Amino acid sequence: MKSTTVLWALTLLVIVAACDKDKELTINGIWESENGSLVKINGSEGVYVQIASTTAWPDAIEKGFVKIGDLALRNLNKTDNLTWEGQGMVVRFNSYAPNIAIGVAWADLTITMNANGQSFQEHGTYGVSTYVTTWTRK
């Protein structure tokens, strides 16, 4: 009887572990970027909850190019268990004046989530420029 109970407990543990491994991760939630932005993602969109105070972002806010509640991410489409594609907002600026915003635009991006679902990297492309931003679940 004792060996049957132990065997049953081990079988249950293996089944639970297998189900957890196959559990599909969601990108929905609040995420914080390494530069201090907070974005709330729900479905195919993410909106700004807080906007970074680095580079040209404060100038973009002052000029009215972006504000809290605006879309930060759009057209998010899950392409694999840990991967999404879509577009992310970027601030446009001239290289000789990186703190002066001249507008905002949409960059094409790929999001790759960590297997634990607690962080992801956003790989973006705008024109000939590329960037990588790390986000952490809040």
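The values are calculated or read from the model by the stated rules, or taken from the named source; none is laboratory data. Model, not experiment: these values are computed from the prediction. In this analysis, Cβ positions are derived from the backbone assuming ideal geometry, glycine residues included, and neighbour counts consider all displayed protein chains.
Observations, loosely collected:
- The one condition in (1) more than 19 Å from the chain's Cα centre (by Cα); (2) modelled with pLDDT of 95 or more; (3) not in a strand (DSSP E or B) that Lys67 fails to fulfil: (1)
- Residue in the range 75-90 that is closer than 21 Å to Thr26 by Cα and not in a strand (DSSP E or B) present: yes
- Identity of the residue in the range 109-122, touching a Leu at 6+ places or on another chain (Cβ under 9 Å) and polar (S, T, N, Q), that ends up farthest from Met89 (Cα to Cα): Asn116
- Of the criteria (1) at pLDDT below 95; (2) buried (at least 16 other Cβ atoms within 10 Å of the Cβ), which one Gln87 fails: (1)
- When every residue of the range 92-104 is checked against the conditions, none turns out to be touching a residue at least 24 places away in the same chain (Cβ under 8 Å), assigned to a strand (DSSP E or B), under 18 Å from Glu32 (Cα atoms) and of a type outside the set (Lys, Arg).
- A search for C-beta distances below 9 Å between a residue of the range 123-138 that is touching a residue at least 24 places away in the same chain (Cβ under 8 Å) and closer than 17 Å to Phe93 by Cβ and any residue that is hydroxyl-bearing (Ser, Thr, Tyr) and assigned to a strand (DSSP E or B), counting only pairs 6+ apart in sequence or on different chains, returns Gly124/Thr110; Gly124/Thr130; Gly124/Tyr131; Gly124/Thr133; Tyr131/Thr125; Thr133/Ser33.
- Condition met for Glu122 (of a type in the set (D, E, K, R) and surrounded by 18 or more Cβ atoms within 10 Å (Cβ to Cβ)): yes
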